[in-house]
Amino acid sequence: MARTRFVLRYRGEGDKPDAVVEQVRQLPEVTVVDDSSRMLLVESHEEPLRALVDSLPDWVMAPEQSYPVPDTRKRVERPPQ
């Protein structure tokens, strides 16, 4: 089973609790890729991470989503012949 990236978001008041961040870091085969004051980007298998997040109040988890950046460069178009 492949590891996937997930976004964990703290929906409570203030910054995310350090104790919860440490719990996430202690899970086997979990890599914290990035973090901010209210979110974590984590690479992990879904099941152990889901079990932890479901037991924590004020936390939600979703798979990371990426979107292609549109090409907005102007182009010269040739007139029809």
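Read the figures in this text as sums done on the coordinates, not as results from a lab. Everything numeric here is computed off the predicted structure, so don't read it as measured data. Every residue, glycine as well, gets a Cβ built from its backbone with ideal geometry; the counts of neighbours run over all protein chains shown.
Quick look at the numbers
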quantity	calculated
Magnitude of the charge dipole, the chain, Cβ model with Lys/Arg +1 and Asp/Glu -1, debye to 20	640 debye
Average Cα contact separation per residue, the chain, under 8 Å, 6 or more apart, as relative contact order %	38 percent
Table column - 3J(HN,Hα) (Hz), region 3-11, Karplus curve with 6.51, -1.76, 1.60, x for Gly and Pro	7, 10, 8, 10, 9, 9, 10, 8, 9
Inter-label distance, nm, simple model (7 Å from Cα along the C-beta direction), LEU27/GLU43	1.5 nm
J(HN,Hα) series, region 34-43, from Karplus relation 6.51 cos²θ - 1.76 cosθ + 1.60, nearest Hz, glycine and proline x	7, 8, 9, 5, 10, 9, 10, 9, 10, 10
Dipole-positive endmost among SER55, VAL32, ALA19 within the chain (Cβ charges, Cα centre)	VAL32
With at most 14 neighbouring Cβ atoms within 10 Å, loop trypsin sites (Lys or Arg not before Pro) (DSSP) excluded, longest segment of the chain	39-72
